[in-house]
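Structure, as structure tokens:
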Amino acid sequence: MFFSEARARSRTWEASPSEHRMWVEVFKTCDEDHKGYLSREDFKIAVVMLFGYKPSKIEVDSVMSSINPNTSGILLEGFLNIVRKKKEAQRYRNEARHIFTAFDTYYRGFLTLEDFKKAFRQVAPKLPERTVLEVFREVDRDSDGHISFRDFEYALNYGQKEA
């Protein structure tokens, strides 16, 4: 349904040729010694350059553990795949935030049942109110009567795992 459509669109995203060139350029810039790969420290710098934040130890460990043990670091192709996946996730999160904000008409940072009903009347007007209430209760994971962005994002992701 609506959540699935939002998620499906993000899967079709491809980097533009200029973005791809920029990623290659960042790789080359961070590979100062022209080793042909990025070390752990090189990778951290590349993430700062591309995403504007220093990756956590856990994130770097995860990336480094996923590379071929016969190489000393992240090769260009692996780096491009990592960046593409991070950009896709970033784009998806931005889309999810945009949808959530559209539903949050009073800019409170959460959705009430009334917000939810109004949103569903716009995107699925024939959906029975009882179904909307069931969905609201399912998405409101802590049962506080509010759907936070975290709850909303979880529901979007959960819906994809079920589909």
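Structural remarks
- Among the candidates VAL47, VAL24, VAL63, the residue that is among the hydrophobic types (A, V, I, L, M, F, W, C), surrounded by fewer than 16 Cβ atoms within 10 Å (Cβ to Cβ) and under 11 Å from PHE79 (Cα atoms) is uniquely VAL24.
- Cβ-Cβ distances below 6 Å connect the following pairs, each with a first residue in the stretch 131-152 that is modelled with pLDDT under 95, a second residue that is open to solvent by 80 Å² or more (accessible area, probe 1.4 Å), and a separation of six or more residues or different chains: ASP151/ARG141.
- If you check ALA119, ALA102, ALA155, ALA124 for being at pLDDT below 95 and in contact with an Asp or Glu (Cβ under 8 Å, 6 or more places away or on another chain), only one passes: ALA155.
- Screening GLU114, GLU14, GLU25 for residues that are modelled with pLDDT of 95 or more and either assigned by the TED database to the domain that holds GLU134 or over 30 Å from PHE136 (Cβ atoms) (or both) leaves exactly one candidate, GLU25.
- Screening ARG97 against (1) in contact (Cβ under 8 Å) with a residue 40 or more places away in the chain; (2) open to solvent by less than 60 Å² (accessible area, probe 1.4 Å) leaves a single unmet condition, (2).
- Exactly one residue out of LYS87, LYS54 is under 20 Å from the mean Cα position of the chain (by Cα) and either open to solvent by 60 Å² or more (accessible area, probe 1.4 Å) or among the hydroxyl-bearing types (Ser, Thr, Tyr) (or both): that is LYS54.
- The lone exception for SER72 - which of (1) touching a strand residue (DSSP E or B) at 6+ places or on another chain (Cβ under 8 Å); (2) under 30 Å from VAL26 (Cα atoms); (3) of a type outside the set (A, V, I, L, M, F, W, C); (4) open to solvent by less than 50 Å² (accessible area, probe 1.4 Å) it fails: (4)
The values are calculated or read from the model by the stated rules, or taken from the named source; none is laboratory data. Note that the coordinates shown come from a computational prediction; the quantities given were computed from them, not determined experimentally. Here Cβ is always computed from backbone atoms with ideal geometry, including for glycine, and neighbour counts include all displayed protein chains. The protein model used for the area step is the full one, side chains on, heavy atoms only, and it has no ligands, DNA or RNA in it. Shrake-Rupley method; radii C 1.70, N 1.55, O 1.52, S 1.80 Å.
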